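Single-structure report; data block below.
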Amino acid sequence: MELVHHLSQQVRIDVPYIPTFLGYREVGPYVQLVHEFGTSYPHCMPDVLMVDGNGTLHPRGCGSACQVGYQLQMPTIGVAKNWLELRTYDDLPESPNDRLIRRVSSWK
C-alpha cells in the first residue's frame, strides 16, 4: 500500500471540546476538506476515508467517523488515538448549556 495523496488544512475551532461530542466540532472541516479535494482531484477520490476519531466504537455507537461518512455518503473507518470511556454524563464539564447537552445525549 502506498500513499497516493495527502491533504491537510489548519482550521480554527471555536466550539469547546466536550467528551463524546467531538463530531460537532470537527465534522464540518472534514467534510469541507473532502469536498475541496474532490473538486481539485476528482480522479483521486478515495473509496474509503480514515477519520481521526471513533466510528461505531463510541458510547452511543455513532462517533465522528460515522457522521463524516453519513454527510459524505462515503465509507469511513474511525481511527481513534485513545479509548473513550465515559461512565456517566456527570463527567461532562459544567456549562450554561449543560442541561440541554444532558437531555440530547441521553437518547440512547
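Computed from the coordinates by the stated procedures, all read-outs in this text should not be read as laboratory data. Everything numeric in this text was worked out from a predicted model, so none of it was measured. With ideal geometry, Cβ positions are generated from the backbone for all residues, glycine too; neighbour counts draw on all protein chains shown.
The table below gives the values:
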| item | result |
| --- | --- |
| Qualifying positions in segment 37-74 - within 19 Å of residue 7 (Cα to Cα) and part of a loop (DSSP other than H, G, I, E, B) | 41, 45, 46, 47, 48, 52, 53, 74 |
| Close pairs (6 angstrom Cβ cut-off, 6 or more residues apart or separate chains): under 11 Å from residue 68 (Cα atoms) in segment 16-27, buried (at least 17 other Cβ atoms within 10 Å of the Cβ) anywhere | 23/64; 23/67; 26/64; 27/64; 27/67; 27/68 |
| Where a residue in segment 33-53 is in contact (Cβ under 8 Å) with a residue 40 or more places away in the chain and farther than 14 Å from residue 67 by Cβ and its partner, wherever it lies, is surrounded by 11 or more Cβ atoms within 10 Å (Cβ to Cβ) and of a type in the set (Phe, Trp, Tyr), with Cβ under 9 Å and at least six apart | 44/37 |
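Condition check ((1) polar (S, T, N, Q); (2) surrounded by 14 or more Cβ atoms within 10 Å (Cβ to Cβ); (3) at positive phi; (4) within 16 Å of the chain's Cα centre (by Cα)) across all residues:
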| position | (1), (2), (3), (4) |
| --- | --- |
| 15 | no, no, no, yes |
| 26 | no, yes, no, yes |
| 47 | no, no, no, no |
| 53 | no, yes, yes, yes |
